[in-house]
Amino acid sequence: MPILHRQYQAAAIAAPLAAQGLIALIGRDLLQHCTLIYTGSLGQISLCI
């Protein structure tokens, strides 16, 4: 399988999310380039860029 090299530019800001039980927020502008796999029975999430 060939290795693809891609570059993405994204803006980032800091915000106090821990009080809401969050680690990070990922915007749709980045998610449109990703594949998200959720395995509910194992409680796992994989994000492939």
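Computed from the coordinates by the stated procedures, all read-outs in this text should not be read as laboratory data. Please read these numbers as outputs of a predicted model, since none were measured by experiment. Don't worry about glycine lacking a Cβ; one is built from the backbone with ideal geometry, like all the others, and counts go over all protein chains shown.
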Which condition breaks for ALA19 when tested against (1) assigned to a helix (DSSP H, G or I); (2) surrounded by 10 or more Cβ atoms within 10 Å (Cβ to Cβ)?
(2)
Of the candidates LEU25, LEU30, the one satisfying the condition of being touching a Phe, Trp or Tyr at 6+ places or on another chain (Cβ under 8 Å) and free of Cβ contacts under 8 Å to residues at least 40 places away in the same chain is LEU30
Quick test of your reading of the structure: LEU36 fulfils all but one of (1) in contact with a Phe, Trp or Tyr (Cβ under 8 Å, 6 or more places away or on another chain); (2) outside any loop (DSSP other than H, G, I, E, B). Name the failing condition by number.
(1)
